[in-house]
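Chemist: Starting off with a structure, shown below.
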Amino acid sequence: MSEKQFSILLVDDDEVDRLMVKRALKKAKFPAQLTEARNGQEAIAQLKIRKDSLINSFDLILLDYGLPNMDGLQLIIAVKALDLNLPIIVLTGQGDEEIAVEIMKSGASDYLAKGKIEPNILAKAISNAIRIHKAEQAVELANQRLRASNQLLVLKNQELEKQQQQIKLQNIQLQESYNLKSEFLATMSHELRTPMNAIMGFSQLLLRQYPDPLSEQQQNLVQRIFNNSKNLLEMINEMLDFSKIEAGKLEVNPHQLDLNYLVRLTVEELRSLAVQKHLDLITEVQLEDKFLIQDSNFIKRIIVNLLSNAIKFTESGLITVKAWEIDQTQIAISITDTGIGIAPEDQVKIFEAFRQVDQSFTRQHSGTGLGLAITESLVKMMGGKISLDSSLGQGTTFTVEIPRRYDA
Ligand code: ADP
């Protein structure tokens, strides 16, 4: 492999001196290709030729300080003005050491006293200057890259901040429309409740058949008006509850309650629904301490929701409501049915608001799809959790675990 030749521009007006340098490099076997210039102008011309024709630039300039017309210092400045970044070794005359300081300040790599030029010293100075210059250039390149990637990062950061700002704005807009929707739900449910109560009240009055009795058909019709109104009112109440929970307007109101009494009472209130479908309904309460510090309205709502679902989605068999102590601090309530069951893929979805396994308009069972969403919210507000265990066609168990004492 051929050795790399260093391309050196030798600037010296004295031919003897140039010869001396050439001989020294030859003697030191330094692989140099020399281009000679006799003065500053010639040197600049050589540099320009290389720069303009995109030929590889010199690796180094070897420069005699005492040039005619343009001294070494001026040439160094002129080289810089050409935007050339080259290592320069200046050859000074005897006794010019004080000039050397100026030379180094102006950006030269090194200086050598002409009279003391020895082949090895010259070769070493040249290779050192080139090596250091290359290392400096590599550092500069790395720095440039760092600066560039830094700038890129700053830009990216700005972009991210902008996006974050946009997301914040969208969030505010979303929250606004969410609030509007909740308000609308609350107002509508509230407004619907009054006429619905009137319809129920008047149909109950008619069913009393006083002073005029009704025909059997009339009785039947009024009873249907009453039943449908009751269903509608339940749905409206569910929407109202849901909008209250969403708006954060529902709060736990803890007080001492008798869980045994509460469970049994609630189950009895719904027994007629089970009887209508010929379903058995059993209550099993096993509590050493039946008292809780919790919200009885919440617990009642939870049992009503889960039990009415169990009755709604069971065609035959048995429904069991249980309550027991998990430990001293936790109690559990479960409702088990022998109904249609819930497929594994639907088990997470059904806790979402308005979600029903059967979302079709032709579905068999009515409902808003809010019952379980409300139930889960109430359980969580009391500091508890809800879980389910179900297999399709066999039945479902919903279990609620809540702290015995509400802890705000
Ligand atoms: P809704 O009963 O008004 O439809 P819910 O939120 O109470 O709304 O219930 C959501 C869905 O979960 C129901 O539509 C039904 O598909 C399913 N589900 C709830 N409870 C049961 C159950 N005990 N057995 C089978 N499916 C149930």
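To keep it simple, each residue is scored yes or no on (1) within 16 Å of the ligand (Cβ to nearest atom); (2) assigned to a helix (DSSP H, G or I); (3) open to solvent by less than 50 Å² (accessible area, probe 1.4 Å).
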site: Glu191; (1), (2), (3): no, yes, no
site: Phe226; (1), (2), (3): no, yes, yes
site: Lys244; (1), (2), (3): no, yes, no
site: Val252; (1), (2), (3): no, no, yes
site: Tyr261; (1), (2), (3): no, yes, no
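Chemist: Looking only at the stretch 74-101, which residues are assigned to a helix (DSSP H, G or I), within 25 Å of Ala135 (Cβ to Cβ) and touching a residue at least 12 places away in the same chain (Cβ under 8 Å)?
Modeler: First pass over the stretch 74-101, keeping only residues assigned to a helix (DSSP H, G or I): 74-81, 97-101.
Going one step further and asking which of them are within 25 Å of Ala135 (Cβ to Cβ), we end up with 75-77, 79-81, 100-101.
Selection gives Leu75, Ile76, Ile77, Val79, Lys80.
Chemist: Still on this structure, please answer the following. Hey, among Ser177, Ser182, Ser203, which residue is more than 32 Å from the chain's Cα centre (by Cα) and either open to solvent by 100 Å² or more (accessible area, probe 1.4 Å) or closer than 27 Å to Met239 by Cβ (or both)? If you could, list the steps in order and put the result at the bottom.
Modeler: On the way: Ser177 fails: more than 32 Å from the chain's Cα centre (by Cα); Ser182 fails: more than 32 Å from the chain's Cα centre (by Cα).
Among Ser177, Ser182, Ser203, only Ser203 is more than 32 Å from the chain's Cα centre (by Cα) and either open to solvent by 100 Å² or more (accessible area, probe 1.4 Å) or closer than 27 Å to Met239 by Cβ (or both).
Chemist: A follow-up question, please. Given the condition within 23 Å of Ser189 (Cα to Cα) and within 11 Å of the ligand (Cβ to nearest atom), answer yes or no: does some residue in the stretch 333-340 qualify? Explain how you work it out, then say what you get.
Modeler: Quick first cut of the stretch 333-340, residues within 23 Å of Ser189 (Cα to Cα) only: none.
No, the conditions are met nowhere in the stretch 333-340.
Chemist: So which of Leu265, Leu270, Leu257 is assigned to a strand (DSSP E or B) and either assigned by TED's automatic domain parsing to the domain that holds Lys380 or of a type in the set (A, V, I, L, M) (or both)?
Modeler: Numbers: Leu265 fails: assigned to a strand (DSSP E or B); Leu270 fails: assigned to a strand (DSSP E or B).
It is Leu257.
Chemist: Residues being of a type outside the set (A, V, I, L, M, F, W, C) and outside any strand (DSSP E or B): count how many of those fall in the stretch 394-408.
Modeler: Taking the stretch 394-408 and keeping what is of a type outside the set (A, V, I, L, M, F, W, C), we get 394-397, 399, 401, 403-407.
Subsequent filtering for residues that are outside any strand (DSSP E or B) retains 394, 404, 406-407.
Final tally of qualifying residues: 4.
Chemist: If I filter the stretch 299-330 down to residues being open to solvent by 50 Å² or more (accessible area, probe 1.4 Å) and in a helix (DSSP H, G or I), which single residue comes out as farthest from the ligand (Cβ to nearest atom)?
Modeler: Among them, the one singled out is Lys300.
Chemist: For the stretch 1-19, which residues satisfy the criterion of being farther than 16 Å from Gly66 by Cα and either open to solvent by 20 Å² or more (accessible area, probe 1.4 Å) or of a type in the set (Phe, Trp, Tyr) (or both)?
Modeler: Met1, Ser2, Glu3, Lys4, Gln5, Phe6, Leu19
Chemist: Here is a further query. Within the stretch 127-134, can one find any residue that is outside the structural domain of Asp13 (by TED's automatic domain parsing), crowded, with 18+ Cβ neighbours inside 10 Å, among the hydrophobic types (A, V, I, L, M, F, W, C) and touching a residue at least 12 places away in the same chain (Cβ under 8 Å)?
Modeler: Yes - at least one qualifying residue is present in the stretch 127-134.
Chemist: Please pick out the residue among Asp358, Asp346 that is within 14 Å of the ligand (Cβ to nearest atom), under 32 Å from the mean Cα position of the chain (by Cα) and at pLDDT below 95.
Modeler: Details: Asp358 fails: under 32 Å from the mean Cα position of the chain (by Cα).
Within the list Asp358, Asp346, the selection yields Asp346.
Chemist: Identify the residue in the stretch 380-390 that is open to solvent by less than 50 Å² (accessible area, probe 1.4 Å) and more than 29 Å from the chain's Cα centre (by Cα) and, among all such residues, is farthest from the ligand (Cβ to nearest atom).
Modeler: The extreme case among them is Met382.
The values are calculated or read from the model by the stated rules, or taken from the named source; none is laboratory data. Computed from a prediction, not measured in an experiment: that's the story for all the values here. Don't worry about glycine lacking a Cβ; one is built from the backbone with ideal geometry, like all the others, and counts go over all protein chains shown. When the accessible area is computed, the model is the full protein with side chains, heavy atoms only, and any ligands, DNA or RNA have been set aside. Shrake-Rupley method; radii C 1.70, N 1.55, O 1.52, S 1.80 Å.
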